[in-house]
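The values are calculated or read from the model by the stated rules, or taken from the named source; none is laboratory data. These figures come from a predicted structure and were not determined experimentally. Cβ atoms come from the backbone with ideal geometry, glycine included; neighbour counts cover every protein chain shown.
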């Protein structure tokens, strides 16, 4: 069964450094999402992406964040200058069309020191 | 605006007894409702979803949920708990109009007592 995959599973970085979290959505899917879950808190929506542009973003998704689909298979989340409060589990999700279910990857745990 | 309230942060049941995880929602439009499960160190797996068809929805692993519009509820049930059901369960809402983001509840941790 096709799955969403994410790499790395765990990323440790220093505050102020740039990080790129990578996701490979299910191959025929057209809608892509990033969510995050700070330890002990609920899963929060960050951004949705369709037709090579952001379709919706939350207040969390400020200028430090960006997303890209560089090669038709990967979907990346970049944080330009990480802060301690960016430490969280980041989940990628994808779906085929607007009526489909979102399928989630296993997550990347980001730790900012 | 859409929101979800999971009434219990932690539920413990004995193996073989029924499971009830409670969820209430708020939505301005006709919502889609989901239950996702997260096992330790794993991703989010869809258990079941409601999208304005039958109000009683059957999912994987013997779980089911009933959409009750009058009560704005979408409680998750299972007749007989199994040890492998121990996990975190999230009730999730998405508004059909616009349909982009999922809004998660705070989660319910289910513990199964042998």
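General observations
- Elements of the type strands (runs of 3 or more DSSP E) sitting completely within region A:8-113 and holding at least 2 residues that are within 11 Å of chain B (Cβ to nearest Cβ) and in contact with a strand residue (DSSP E or B) (Cβ under 8 Å, 6 or more places away or on another chain): these cover A:31-37, A:43-50, A:53-57, A:88-95, A:108-112.
- Reported count of residues in region B:59-104, each being buried (at least 21 other Cβ atoms within 10 Å of the Cβ), modelled with pLDDT of 95 or more and outside any strand (DSSP E or B), is 1.
- Number of positions in region B:25-58 that are in a strand (DSSP E or B), more than 14 Å from residue A:101 (Cβ to Cβ) and within 12 Å of another protein chain (Cβ to nearest Cβ): 1
- Residue in region A:50-64 that is under 13 Å from the mean Cα position of the chain (by Cα) and touching a residue at least 40 places away in the same chain (Cβ under 8 Å) present: no
- Set B:13, B:4: member being assigned to a strand (DSSP E or B) and either in contact with a helix residue (DSSP H, G or I) (Cβ under 6 Å, 6 or more places away or on another chain) or over 17 Å from residue B:95 (Cβ atoms) (or both): B:13
- Top-ranked residue in region B:17-30 [being surrounded by 12 or more Cβ atoms within 10 Å (Cβ to Cβ) and more than 12 Å from the chain's Cα centre (by Cα); ranked as nearest to residue B:111 (Cα to Cα)]: B:17
- Set B:56, B:44, B:33: member being loosely packed, with under 15 Cβ neighbours inside 10 Å, in contact with a strand residue (DSSP E or B) (Cβ under 6 Å, 6 or more places away or on another chain) and at pLDDT below 95: B:56
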